[in-house]
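Read through the structure below, which is laid out as structure tokens, and then see the notes.
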Amino acid sequence: MSFINVLSREINCKIVYYGPGLCGKTTNLQYIYTKTNPDAKGKMISLATETERTLFFDFLPLALGEIRGFKTRFHLYTVPGQVFYDASRKLILKGVDGVVFVADSQIARTEANLESLENLRTNLAEQGYSLDKLPYVIQYNKRDMPSVAPVEELRELLNPAGVPEFEAVASTGVGVFETLKAVAKLVLTEVKRQAG
Amino acid sequence: MTNPQMVMYEEEFNQIQTIVNRLVKEANARVVFVIDKNGQEIAKAGETDQLDTTSLASLTAGNIAATGGMAKLLRENEFTTQFHEGERANIHIQIVGNRVILVVIFDSKTSLGLVRLRVKKASEELNVIFETLMRKVQDPNRETPFAEITDDDIDNLFND
């Protein structure tokens, strides 16, 4: 649910990075954090286990500039990818304005991708959302790994609707900002549509 | 689409800010802030300069969401109040009208009893304001501040 403050001319939106365990959601946020000007970002918060697996969420507040005097602020969240943290994942999706599904391109993770995408649909439906109506993009991450599925195959499995999609290597930053910009743009367009 | 926008107008913002300013004084608190359930900051008052209120807002919302999840499992509607006691700082968290969260950070200069008393009054007043605001936001003839923006404006933001 976007939040517009008329007085301070600010628009605040929430973007959630979703995907199977170890697909690189946190790595996306970490890369954005390291490459963003200090004035444009707040502190990155990671609620993680001792082994650095996401326990509840990562959070990164980010300013993406102004549109006609409106400051655009995005709150980026990741969900815990591990299957048994489903209750927490549902909570993070509350009030979401846009979703990035981070798929792990490795052939061995095909099943995990499908399961996570299905889980995303189910959890969104529980909150009364539909993935087909939300601003939504897909990122095929880990393109640098040795045994990855071809993008055509991933597209067929994960992106039959043909939403914007990006190849990425989040650890080195390839595709990270392209993904973020695409989802942010879709979110702002939706905010505008609702306002108009 | 079950994702209505929340718009904060000047009139309601000023009313909320007045209540928050007063609560800091009357409760003798260090900081008071109001956030929505998604962790967006709405208003704040007190010694906020030294404090990362953006992070606090997001964590508070996460905390409320987690507690709400626990409540659901216990077939409770919600746990509306939380209190965390530290060595120097304490946090009192109150859900207002099932919509927003009122957070009071205080130290030994005041007492939990006084904070609770003042929070109760402020919550009731805030609830009335947010009810008015929600009616305004849902009014089809409302002022829509973002409507003046064009697709080109949005494109321009993302052109390097």
Of (1) at pLDDT 95 or above; (2) of a type outside the set (D, E); (3) closer than 30 Å to B:Q138 by Cβ, A:Y17 satisfies all except one. Which?
(3)
Residue satisfying condition, being more than 10 Å from chain A (Cβ to nearest Cβ), touching a strand residue (DSSP E or B) at 6+ places or on another chain (Cβ under 9 Å) and among the aromatic types (F, W, Y), within set B:F79, B:F13:
B:F79
Search region B:104-153 for residues being exposed (fewer than 13 other Cβ atoms within 10 Å of the Cβ) and basic (K, R), and hand back the single one that is farthest from the chain's Cα centre (by Cα).
B:K109
Candidates A:V191, A:V102 - the one that is in contact with a Cys (Cβ under 8 Å, 6 or more places away or on another chain), surrounded by 15 or more Cβ atoms within 10 Å (Cβ to Cβ) and under 25 Å from B:V137 (Cα atoms):
A:V191
B:V7 vs. criteria farther than 20 Å from A:L60 by Cα, part of a strand (DSSP E or B) and either among the charged types (D, E, K, R) or within 12 Å of another protein chain (Cβ to nearest Cβ) (or both):
yes
Cβ contacts < 7 Å: first residue farther than 12 Å from B:D155 by Cβ, restricted to region A:176-196; second residue assigned to a helix (DSSP H, G or I), any location; separation 6+ or different chain. Result?
A:V176/A:N28; A:V176/A:Y31; A:V176/A:I32; A:L180/A:I32
Restricting to region A:95-121, name every residue that is of a type in the set (K, R) and touching a helix residue (DSSP H, G or I) at 6+ places or on another chain (Cβ under 6 Å).
none
From (1) in a loop (DSSP other than H, G, I, E, B); (2) without any contact (Cβ under 8 Å) to a residue 40 or more places away in the chain; (3) of a type in the set (K, R), pick out the condition that doesn't hold for B:R142.
(2)
If I go through region A:81-135 residue by residue, how many of them are assigned to a loop (DSSP other than H, G, I, E, B) and either away from chain B (no Cβ under 12 Å) or among the charged types (D, E, K, R) (or both)?
8
Return a yes/no flag: does region A:59-73 have any residue that is more than 27 Å from A:K192 (Cβ to Cβ) and either surrounded by 24 or more Cβ atoms within 10 Å (Cβ to Cβ) or of a type in the set (K, R) (or both).
no
Within the group A:A48, A:A40, which residue is surrounded by fewer than 14 Cβ atoms within 10 Å (Cβ to Cβ), more than 12 Å from every other protein chain (Cβ to nearest Cβ) and of a type in the set (A, V, I, L, M)?
A:A40
Of all residues in region A:141-161, which are touching a helix residue (DSSP H, G or I) at 6+ places or on another chain (Cβ under 8 Å) and surrounded by fewer than 14 Cβ atoms within 10 Å (Cβ to Cβ)?
A:S147
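The values are calculated or read from the model by the stated rules, or taken from the named source; none is laboratory data. The shown structure was predicted, so the numbers you read here are calculated from the model rather than taken from an experiment. Methodologically, a virtual Cβ is constructed for each residue, glycine included, from the backbone with ideal geometry; neighbour enumeration extends over all protein chains shown.
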